[in-house]
Amino acid sequence: MGRIRILPDQVANQIAAGEVVDRPASVVKELLENALDAGASRIRVEVEAGGRKLIRVADDGHGMNRDDALLAFERHATSKLRTADDLLSIATLGFRGEALPSIASVARVTLETATGEDAAATRIEIAGGKILHVDDAALPRGTTIAVADLFFNTPARRKFLRAESTELAHVTALVTHYALVHPEKHFELVSATHTIVSAPPVGRTAERIYQIFGKDTLAALLPVAAETPLAHAGLPEPPPWKKDPDEPVRDPGTMRLTGFYSKPELQKLNRNSIYIFVNKRLIRDRLLIHAITEAYRNVIPPTSFPVVLLFLEMPPEEVDVNVHPAKTEVRFRQQSLIHDFVRDSLRTALIQARPAAGFLAALDSAPLASPSLMPPPGSRLPGAPDPAPLAESESTELPIAVAEAECFQLTPRQPAPIPGKLPFDASGLNPGGWNGREAWGAAAAALFQPPQPAPVDGCSPELNIQSGNGLSPATATAQVEAEQAASTLNHLGSLRPLGQLRESFILAAGDDGLWIIDQHVAHERVLFEKILRDRQVEKVQRQRLLMPMLVELKPSQMVVFARIAEELDLNGFEVEPFGPQTLAVKAAPVGLEGPALERMLAEVIEQSSHESDEVKQNEDLAALRTRIAASIACHSAIKINTALDPVRMEWLLLELAKTSHPTSCPHGRPIALLYSWKEIQRAFHRI
Ligand SMILES: Nc1ncnc2c1ncn2[C@@H]1O[C@H](COP(=O)(O)OP(=O)(O)O)[C@@H](O)[C@H]1O
Ligand SMILES: [Mg+2]
């Protein structure tokens, strides 16, 4: 007697359900995708108890006739795919024919559907995979699927469901994502007590972002658009002798990218605010997340992540969507091309936009954790109508929902107004030698060797300035931030330096307002980009030390040193082993000497010892190169608490204006903040 049996459909469906349906949000995802595939223009999602009790999705799509409605619950029944070849060019969100039978095997499902052409509509009730009733009904065109008591027959799965509020938060995130990618469609999400999302059709994605997240979020984002023709379609062409001469030459098509990315000042602690849609499908993809973080490398801190909404469009044969049962992962056929396209498009956009950071945003730019793209705790989405009055017992539902899911706020929090006056008075200003213009050349050179007394380590953000002297006027409004969105750092070079504040910050006047520039990080950015440029053409200037500097290392550090020695050499160092645990530094990049040189070497060796072996060799080298450049720049840049005359200030602003990323230092700290003319006027009650 053989041991192998074919599983009954019911069991097979439950197994498939394990992959496809793991929580209410995944049911909502499948039903939403079906509605979109059916060409719906209006989709309404209702949930009760976070979707555990009920999920109902109603659409006005093309509906199904009675036969199709019955077939839809059969395993592997789909209208979206006929042959295996179709898999190569899928234009619909669904194609596996698994969702409805899987859902019906673990819940009580009611389907109501009408094509608008047949005489009668159809109503089917099915529970735990068994059809209970099939009736005629009278309904308008479209489909409504209600899924009640999810996992009622699989208690083990039910146990894995989280609190109602958490499940509701996931459902909300999902509906908002699909609403973002289809601004032309009407989306609604309602719970028993609230309208959570209400997004009537709009013309542009920006309007949808405004509808869903409000104007603060929109103001913190910048648009990006790019496209590139593909050299060949899908996988690389076979060699000519293997090619079928009769096969028609295919047009490889184009890859397009549109979307929104955050200004460097808006930072998140995790990647949950990065949204990637490929051909209108929401996906998670490590390759593209890597491309995005690469674009922001040395613009925001390595531990922070940006907010990015990325919509990629490409011919369907470029992307294999049949990789994962829940279809959240895809495989690109031209991986590195797509990676580089995304990275370069974003980086170019960042370089061109050079958005100026305002005080208000900067005061509040500590990175926030962001589990999902969700509204701020306790609030309705801005587009939602006023909530219906709540019964006492129900009134806590939504706030808990959002709080428990630790929803982040995409919109920057409003800083609490800090009473106080502008902290600079005449004594704090350092007018410097106003007639120092002749000293131009010398000053520029001297910037590489700033006066030595540097009481505070230039790389640490703390300053001996009293805290609490906030510059934030009590009149902080979101409108201000929207106005600041227009200011860029392109005019840095034409600013007029007024003087220094505590010998640490340059104050400069421009048409758009008052600028405060952190002199240390500004110089750091200038040097960083110069070092990388010089390194590329192997033109780094080195300087012999009068006496070799001896550095003691632990044996493990000696190993690390051996690994990075060549790159150090190319960056202007001449370092030789001097005994088993000692290095002799004979030459170093111009401007780096004494304790700063010692600290810089220790820092690079320390950072390089954390490196994981998994990182690919060439990536490794690029990362090492920028790390060394950042470290040299940091330790040789002009320190805070250093007096600068106007010529040096002007020079620094001019050089900063020439950099690609004058927004932030290589470690991601802001360089220049704008106190806009509007803010100033408002603070003085002039407008
Ligand atoms: N909302 C809907 N409107 C019209 N047809 C639908 C809808 N939902 C499902 N269907 C039909 O049922 C079939 C099976 O759905 P599903 O199990 O999700 O598989 P898939 O979407 O992979 O084809 C679909 O191919 C489609 O023809
Ligand atoms: Mg489907």
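The values are calculated or read from the model by the stated rules, or taken from the named source; none is laboratory data. Quick caveat, the model's predicted, so the values are computed rather than measured. Here the Cβ is made from the backbone with ideal geometry for all residues, glycine too, and neighbour counts use every protein chain on show. Surface areas here come from the heavy atoms of the whole protein model, side chains and all, with no ligands, DNA or RNA. Shrake-Rupley method; radii C 1.70, N 1.55, O 1.52, S 1.80 Å.
Of note:
- Test: A643 is among the hydrophobic types (A, V, I, L, M, F, W, C) and more than 30 Å from the chain's Cα centre (by Cα): yes
- Taking the listed residues T115, T78, the one that is in contact with a Gly (Cβ under 6 Å, 6 or more places away or on another chain) and within 16 Å of ligand 2 (Cβ to nearest atom) is T78, with no other qualifying.
- Within the span defined as segment 173-182, every residue fails to be touching a residue at least 24 places away in the same chain (Cβ under 8 Å) and in contact with a Gly (Cβ under 7 Å, 6 or more places away or on another chain).
- Qualifying position, being in contact with a helix residue (DSSP H, G or I) (Cβ under 9 Å, 6 or more places away or on another chain) and crowded, with 20+ Cβ neighbours inside 10 Å, among L287, L350, L282: L350
- Taking helices (runs of 4 or more DSSP H) as the structural unit, those lying wholly within segment 586-687 and holding at least 3 residues that are within 23 Å of I517 (Cα to Cα) and touching a residue at least 40 places away in the same chain (Cβ under 8 Å) correspond to 617-636, 646-658, 677-683.
- Qualifying residue in segment 122-140 (condition: touching a Lys or Arg at 6+ places or on another chain (Cβ under 7 Å) and within 13 Å of ligand 1 (Cβ to nearest atom)): yes
- The set of residues from segment 44-75 being more than 22 Å from N153 (Cα to Cα), within 9 Å of ligand 1 (Cβ to nearest atom) and either of a type outside the set (A, V, I, L, M, F, W, C) or open to solvent by 60 Å² or more (accessible area, probe 1.4 Å) (or both) comprises D59, G61, H62, G63, D68, L71.
- From the options L36, L93, L100, residue that is within 12 Å of ligand 2 (Cβ to nearest atom) and in contact with a His (Cβ under 8 Å, 6 or more places away or on another chain): L36
- The residues of segment 224-249 that are loosely packed, with under 12 Cβ neighbours inside 10 Å and of a type in the set (G, A, S), listed by number, are A225, A231.
- Candidate set: segment 136-190, residues that are of a type in the set (S, T, N, Q) and not in a loop (DSSP other than H, G, I, E, B); chosen: the one surrounded by the most Cβ atoms within 10 Å (Cβ to Cβ): T172
- Yes/no for V521 being part of a helix (DSSP H, G or I), of a type outside the set (S, T, Y) and either touching a residue at least 40 places away in the same chain (Cβ under 8 Å) or in contact with a strand residue (DSSP E or B) (Cβ under 8 Å, 6 or more places away or on another chain) (or both): yes
- Which numbered condition M1 misses (of (1) within 9 Å of ligand 1 (Cβ to nearest atom); (2) open to solvent by 50 Å² or more (accessible area, probe 1.4 Å); (3) without any contact (Cβ under 8 Å) to a residue 40 or more places away in the chain): (1)
- The one condition from (1) open to solvent by 20 Å² or more (accessible area, probe 1.4 Å); (2) of a type in the set (A, V, I, L, M, F, W, C); (3) within 17 Å of D60 (Cα to Cα); (4) within 13 Å of ligand 1 (Cβ to nearest atom) that L87 does not meet is (3).
- When A25 is tested against (1) closer than 29 Å to T193 by Cα; (2) away from ligand 2 (no atom under 16 Å from the Cβ); (3) open to solvent by less than 20 Å² (accessible area, probe 1.4 Å), just one condition goes unmet, and that condition is (2).
- Residue check, N13 open to solvent by 40 Å² or more (accessible area, probe 1.4 Å), part of a helix (DSSP H, G or I), within 12 Å of ligand 1 (Cβ to nearest atom) and in contact with a helix residue (DSSP H, G or I) (Cβ under 9 Å, 6 or more places away or on another chain): no
- Filtering segment 517-544 to residues that are touching a helix residue (DSSP H, G or I) at 6+ places or on another chain (Cβ under 8 Å), among the hydrophobic types (A, V, I, L, M, F, W, C) and modelled with pLDDT of 90 or more leaves I517, A522, V526, L527, F528, I531, L532.
- If the condition is being surrounded by 19 or more Cβ atoms within 10 Å (Cβ to Cβ), charged (D, E, K, R) and at pLDDT 90 or above, then segment 570-627 contributes only R627.
- Being touching a Phe, Trp or Tyr at 6+ places or on another chain (Cβ under 6 Å), in a helix (DSSP H, G or I) and under 26 Å from L532 (Cβ atoms) holds for only one residue in I292, I338, and it is I338.
- L31 near ligand 1 (Cβ under 8 Å from one of its atoms) and within 35 Å of the chain's Cα centre (by Cα): yes
- Cβ-Cβ under 8 Å pairs, at least 6 apart or on other chains, segment 55-78 side closer than 15 Å to N13 by Cβ, far side in a helix (DSSP H, G or I) and more than 7 Å from ligand 1 (Cβ to nearest atom): F73/A104; R75/D9; R75/A12; R75/N13; R75/A16; A77/L71
Yes/no per residue for (1) within 16 Å of ligand 2 (Cβ to nearest atom); (2) touching a Pro at 6+ places or on another chain (Cβ under 6 Å); (3) modelled with pLDDT of 90 or more:
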| residue | (1), (2), (3) |
| --- | --- |
| K130 | no, no, yes |
| P140 | no, no, yes |
| T144 | yes, no, yes |
| E167 | no, yes, yes |
| A179 | no, no, yes |
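- Listing of strands (runs of 3 or more DSSP E) fully contained in segment 240-289 that carry 1 or more residues being among the aliphatic types (A, V, I, L, M) and more than 28 Å from P302 (Cα to Cα): 254-262
- If you check L221, L257, L269 for being closer than 27 Å to A356 by Cα and open to solvent by 90 Å² or more (accessible area, probe 1.4 Å), only one passes: L269.
- Meets criteria (out of contact with any Phe, Trp or Tyr (no Cβ under 7 Å at 6 or more places or on another chain) and either crowded, with 20+ Cβ neighbours inside 10 Å or modelled with pLDDT under 90 (or both)) for E567: no
- Test for R331: is it open to solvent by 20 Å² or more (accessible area, probe 1.4 Å), in contact with a strand residue (DSSP E or B) (Cβ under 7 Å, 6 or more places away or on another chain), of a type outside the set (F, W, Y) and at pLDDT 90 or above: yes
- Helices (runs of 4 or more DSSP H) wholly inside segment 18-135 that include at least 1 residues being in contact with an Asp or Glu (Cβ under 8 Å, 6 or more places away or on another chain) and within 23 Å of H182 (Cα to Cα): 24-37, 99-105
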